[in-house]
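Beneath this line is the structure, given in structure tokens, with notes to follow.
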Amino acid sequence: NYLLDAFKYHDVGDDNTAESNAHTALQNSRETRIAGSQANNGANIFQSVANITASGGYTAEEHGVSSAESAGVMLDRNLVPNAPALITNDVIECTYELTVSAEA
């Protein structure tokens, strides 16, 4: 079991394979995971934001949030809408929001 605050490590990759619950990691990670800042962005919305600097040229097709800088557990993998083409040293801001229902 993990507390939400463990899920702060962001990564991007260049694979556009459809999202699946079976994915436990990005399909083709391109960067080292970066720790994001975390906040409660409104009523029951967990938010984590990270700025990732591209180490080379690629299209940022996928984004993931995980519990550790390497390995760990991936909370979610998602495809990036209107995926941007990056060149070396471009910075992409990754924002992840998760709505969590209040306990009854």
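For Ala102, state whether it is outside any loop (DSSP other than H, G, I, E, B) and of a type in the set (Gly, Ala, Ser). Considered against the rule, which asks whether it is outside any loop (DSSP other than H, G, I, E, B) and of a type in the set (Gly, Ala, Ser), Ala102 comes out as no. In segment 35-48, the condition of being modelled with pLDDT of 95 or more, part of a loop (DSSP other than H, G, I, E, B) and of a type outside the set (S, T, N, Q) is met by at least one residue. For segment 1-34, which residues satisfy the criterion of being in a loop (DSSP other than H, G, I, E, B) and small (Gly, Ala, Ser)? If the condition is that a residue be in a loop (DSSP other than H, G, I, E, B) and small (Gly, Ala, Ser), then Ala18, Ser20, Ala22, Ala25 are the ones that fit. Applying a threshold of 9 Å to beta carbon distances and a minimum spacing of six or more residues, or different chains, the list of pairs starting in segment 82-101 at a residue that is closer than 25 Å to Phe46 by Cα and at pLDDT 95 or above and ending at one that is assigned to a loop (DSSP other than H, G, I, E, B) and open to solvent by 80 Å² or more (accessible area, probe 1.4 Å) reads Ala83/Asn16. Contact map, segment 41-55: first residue free of Cβ contacts under 8 Å to residues at least 24 places away in the same chain, second residue of a type in the set (Val, Ile, Thr), Cβ cut-off under 6 Å, separation 6 or more or different chains; the map is empty. Residues of segment 49-66 that are surrounded by 16 or more Cβ atoms within 10 Å (Cβ to Cβ) and either outside any strand (DSSP E or B) or of a type in the set (Lys, Arg) (or both): Ala54, Ala60, Glu61.
For segment 51-64, the criterion of being within 29 Å of Ser101 (Cα to Cα) and β-branched (Val, Ile, Thr) is satisfied by no residue at all.
Under the condition of being under 28 Å from Asn89 (Cβ atoms) and either open to solvent by 70 Å² or more (accessible area, probe 1.4 Å) or in contact with a strand residue (DSSP E or B) (Cβ under 6 Å, 6 or more places away or on another chain) (or both), the residues counted in segment 2-24 number 10.
Can you say whether Gln47 is out of contact with any helix residue (DSSP H, G or I) (no Cβ under 8 Å at 6 or more places or on another chain) and not charged (D, E, K, R), as far as the supplied structure shows? It is true that Gln47 is out of contact with any helix residue (DSSP H, G or I) (no Cβ under 8 Å at 6 or more places or on another chain) and not charged (D, E, K, R).
Inclusion of Glu69 among residues that are in contact (Cβ under 8 Å) with a residue 40 or more places away in the chain, open to solvent by 50 Å² or more (accessible area, probe 1.4 Å) and either at negative phi or out of contact with any Leu (no Cβ under 7 Å at 6 or more places or on another chain) (or both) is warranted. If we scan segment 34-48, do we find a residue that is loosely packed, with under 15 Cβ neighbours inside 10 Å and under 13 Å from the mean Cα position of the chain (by Cα)? Among the residues of segment 34-48, at least one is loosely packed, with under 15 Cβ neighbours inside 10 Å and under 13 Å from the mean Cα position of the chain (by Cα), which makes the answer yes.
The values are calculated or read from the model by the stated rules, or taken from the named source; none is laboratory data. If you're wondering where the values come from, they're calculated on a predicted model, not measured in any experiment. Note: ideal-geometry Cβ built from the backbone for every residue, glycine included; neighbour counts use all protein chains shown. The protein model used for the area step is the full one, side chains on, heavy atoms only, and it has no ligands, DNA or RNA in it. Shrake-Rupley method; radii C 1.70, N 1.55, O 1.52, S 1.80 Å.
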